[in-house]
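To keep things clear, I will list the structure first and then write my remarks on it.
Readers should treat all values here as calculations from the given coordinates under stated rules, not as data from a laboratory. Just so it is clear, the structure is predicted and the values come from calculations on it, not from any experiment. Positions of Cβ are backbone-derived with ideal geometry, glycine not excepted, and every protein chain shown enters the neighbour counts.
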Amino acid sequence: IEADGRCLITLIADHRVIDGAVVARSLADLEKVLRQEIIPELRSQKNPLATDATPSNAA
């Protein structure tokens with residue numbers, strides 16, 4: 001997830017095997033989950049990007 005909230009998602013489907021409408025519904029379902037469940041959860045975090053990423057000096 002980018003700092004501005006964008007997230008690139010790639011879905012590859014073979015139209016000979018699966019109907020495009022099924023793929024479209026799957027993407028719509030994913031967007032719904034992201035918007036209604038994941039985004040609110042991320043926003044509820046105090047600062048989800050603030051982690052201690054400093055490597056330890058245990059040499």
Subset tally (residues that are surrounded by 11 or more Cβ atoms within 10 Å (Cβ to Cβ) and among the charged types (D, E, K, R)) for segment 1-33: 2
Enumeration of residues in segment 17-35 that are more than 16 Å from ILE1 (Cβ to Cβ) and not hydrophobic (A, V, I, L, M, F, W, C): ASP19, GLY20, ARG25, SER26, ASP29, LYS32
